[in-house]
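Student: This is the structure, below, for whatever I ask next.
The values are calculated or read from the model by the stated rules, or taken from the named source; none is laboratory data. Since the structure is predicted, the reported quantities are computational estimates derived from the model, not experimental observations. All Cβ positions, glycine included, derive from the backbone under ideal geometry; neighbour counts span all protein chains shown. Accessible surface areas use protein heavy atoms only, side chains included; no ligands, DNA or RNA. Shrake-Rupley method; radii C 1.70, N 1.55, O 1.52, S 1.80 Å.
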Amino acid sequence: MHVSGKKTPPENLHMTLFFLGNQPKRNLPALNRFLDRISFEPFEMKLDKIGYFPKIGLSWIGPEQTPEQLAKMFEDTRQFLIPAYLKDKNDNFRPHITLARRSSKAEIKMETPISWQVSRLVLMQSILNSEKGSHPKYRILHERNGFNSNGIGHSGNAIRRNT
C-alpha cells in the first residue's frame, strides 16, 4: 500500500480516541483515575478502509465498520471528558490510524484487511518537535490493559489518547 506525503514512523502508529490538547498538570490525576476505571476485554479490529481528510491533508487507515466495543469506549470516554476536558463536544467518531500527513488523496483499495489487536488504552503526551517536517514524539503518561473474561490482563497494540 502506498500513500504520498510525510509517512508516520512505525513507532508512532496509534489510534486516537480523543485529542485533548494542552491540559494543565492538575488534570492528570483525574484522567488517570478515569482510565483505571475503564474495563474492557481485548478485541480484534479489522482495518479495511483507506481514507483521506482533505482539510488537513491526512491519509489514514481504519475500520469500515466501528466495532461495538470501540464505539462504547468512545462514548463512555466522551461523556467523562465533557465539559471539563473537551471544548469540542463533537460526537462524530471516525476511528483511524494516521498513515501520512501533507498527503494527497489516494485511490487505494484494500486487498486484505489488517488485523489490529486492541488490548490497552494509553494516555499519551504529544511532544512537538520544532524541526520543520518532523513528527511529534509520544510519551506514555498512564495506561490501562484490557482483561479477558478470566480477569487476565493483556498488553500489545494500543488505542492511544493524546494530551
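Student: Taking trypsin sites (Lys or Arg not before Pro) as exposed when DSSP calls them loop (any state but H, G, I, E, B) and at most 11 other Cβ atoms lie within 10 Å, what is the longest stretch of the chain free of them, the sites themselves excluded?
Tutor: On the way: sites that count: Lys55, Lys87, Lys89, Lys109, Lys132.
Within the chain, the longest run free of exposed trypsin sites (Lys or Arg not before Pro) spans 1-54.
Student: Return the loop-located GluC sites (Glu not before Pro) in segment 46-143 (DSSP other than H, G, I, E, B) with at most 10 other Cβ atoms within 10 Å of their own Cβ; answer none if there are none.
Tutor: Working: sites: Glu64, Glu68, Glu75, Glu107, Glu111, Glu131, Glu143; in loops: Glu64, Glu107, Glu111, Glu131.
Sites meeting the loop and neighbour criteria: Glu107, Glu111, Glu131.
Student: With a 1.4 Å probe and every protein chain left in place, tell me how much accessible area Leu28 has, in Å² to the nearest 10.
Tutor: 60
Student: For His14, what accessible surface area do you get with a 1.4 Å probe? Give it in Å², rounded to 10.
Tutor: Result for His14: roughly 20 Å² accessible.
Student: Name the lysines eligible as straight-distance cross-link partners of Lys55: C-alpha to C-alpha under 21 Å, and not fewer than 8 places from it in the same chain.
Tutor: Lys6, Lys7, Lys87, Lys89, Lys105, Lys132
Student: Assuming a ≥ b ≥ c are the square roots of the Cα gyration tensor eigenvalues, decide whether the chain counts as rounded (a/c under 1.5), prolate (otherwise, with a/b larger than b/c) or oblate.
Tutor: Values: a/c = 1.70, a/b = 1.23, b/c = 1.39.
Oblate, since a/c reaches 1.5 and b/c is not below a/b.
Student: Moving on. Report, ordered by chain and residue number, the aspartates and glutamates lying within cross-link reach of Lys137, taken as a straight Cα distance under 12 Å and ignoring same-chain residues fewer than 8 apart.
Tutor: Glu11
Student: Continuing with this model, one more query. Given the options Gln69, His96, Leu28, identify the residue whose Cα lies farthest towards the positive end of the charge dipole of segment 19-124 (+1 on Cβ of Lys, Arg; -1 on Cβ of Asp, Glu).
Tutor: In segment 19-124, that residue is Leu28.
Student: Shifting gears a bit: As a check on your grasp of the helix formula, calculate [θ] at 222 nm for the chain: sum -39500 (n - 2.57) over DSSP H runs of n ≥ 4, divide by the residue count, round to the nearest 500. Display every interim value, and only then the final one.
Tutor: Working: 2 runs with 24 residues, N = 163.
-4500 deg cm²/dmol, from helical runs alone.
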